[in-house]
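J.: Questions regarding the structure given below will be posed in turn.
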Amino acid sequence: MDALKTAAELMAVSARTAPKAAGQDFIDIKVISGDKIEQLADKMIEYGKESGKGNFDRDGENVRDSEQVVLLSLNKAKTLGINCGACGYDRCEELKLREGVEFDGPICAWRLMDLGIALGSAVKTASMLNLDNRIMY
């Protein structure tokens, strides 16, 4: 349905234009539909079974029932460079990204807040359009 695609794109615009620390944008945004949704749902369910995390099984089926999915993530987010210590390190240069099972981290707390604000802006737009939506994992 074209209206849902337009709504998903408006959600993406809201996320993109949400305020970011120091005006630096490390947010990745993708809107998927059709076969891409089926692939995502299959991978989520497969991961849920492999890891024993039941929420992935349930959420994978919810994703499968969706016509549009808006995906937001951080991509190669650099530290803000203000040595605030919110990440657990005293100095930004001490924070060294390492590969994790589900996430790479640790991540600068300011960049995580940027992602949270972008997510909030996207779901606010969905709400204004009276669209049912969920933030998942």
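J.: State the number of residues belonging to region 120-137 that are open to solvent by 90 Å² or more (accessible area, probe 1.4 Å), modelled with pLDDT of 95 or more and assigned to a loop (DSSP other than H, G, I, E, B). Talk me through it step by step, then tell me what you get.
T.: Just the residues of region 120-137 that are open to solvent by 90 Å² or more (accessible area, probe 1.4 Å), to begin with: 124, 128, 130, 132, 134-135, 137.
Within this subset, residues satisfying the condition of being modelled with pLDDT of 95 or more are 124, 128, 130.
So of that shortlist, the ones also assigned to a loop (DSSP other than H, G, I, E, B) come out as 130.
The qualifying residues number 1.
J.: Right, something else. Can you name every residue in region 5-14 that is surrounded by 16 or more Cβ atoms within 10 Å (Cβ to Cβ) and over 15 Å from the mean Cα position of the chain (by Cα)?
T.: Of region 5-14, the ones surrounded by 16 or more Cβ atoms within 10 Å (Cβ to Cβ) are 7-8, 10-12, 14.
If the condition is that a residue be surrounded by 16 or more Cβ atoms within 10 Å (Cβ to Cβ) and over 15 Å from the mean Cα position of the chain (by Cα), then ALA7, LEU10 are the ones that fit.
J.: Please go through region 75-100 and pick out each residue that is touching a strand residue (DSSP E or B) at 6+ places or on another chain (Cβ under 8 Å) and either modelled with pLDDT of 95 or more or acidic (Asp, Glu) (or both).
T.: Here is the first cut: in region 75-100, the residues touching a strand residue (DSSP E or B) at 6+ places or on another chain (Cβ under 8 Å) are 75, 97-98.
None; the set is empty.
J.: Do we find a residue being part of a helix (DSSP H, G or I) and out of contact with any Leu (no Cβ under 9 Å at 6 or more places or on another chain) anywhere in region 97-113?
T.: yes
J.: For region 15-48, which residues satisfy the criterion of being assigned to a helix (DSSP H, G or I), surrounded by 13 or more Cβ atoms within 10 Å (Cβ to Cβ) and hydrophobic (A, V, I, L, M, F, W, C)?
T.: Within region 15-48, ALA15, ALA21, ILE37, LEU40, ALA41, MET44, ILE45 qualify.
J.: Is there a residue in region 66-87 that is open to solvent by 80 Å² or more (accessible area, probe 1.4 Å), more than 20 Å from ASP114 (Cβ to Cβ) and either without any contact (Cβ under 8 Å) to a residue 24 or more places away in the chain or in contact with a Cys (Cβ under 6 Å, 6 or more places away or on another chain) (or both)?
T.: No, region 66-87 contains no residue that is open to solvent by 80 Å² or more (accessible area, probe 1.4 Å), more than 20 Å from ASP114 (Cβ to Cβ) and either without any contact (Cβ under 8 Å) to a residue 24 or more places away in the chain or in contact with a Cys (Cβ under 6 Å, 6 or more places away or on another chain) (or both).
J.: Quickly run through region 94-119 and pick out the residues that are open to solvent by 30 Å² or more (accessible area, probe 1.4 Å) and over 13 Å from LYS76 (Cα atoms).
T.: Result: GLU94, GLY100, VAL101, GLU102, TRP110, MET113, GLY116, ILE117, LEU119.
The values are calculated or read from the model by the stated rules, or taken from the named source; none is laboratory data. Predicted model only: the values in this text are computed from it and were never measured. Positions of Cβ are generated from backbone atoms using ideal geometry, with glycine treated the same way; all protein chains shown enter the neighbour counts. Each accessible area value is taken on the protein alone, full model and side chains, heavy atoms only, with ligands, DNA and RNA left out. Shrake-Rupley method; radii C 1.70, N 1.55, O 1.52, S 1.80 Å.
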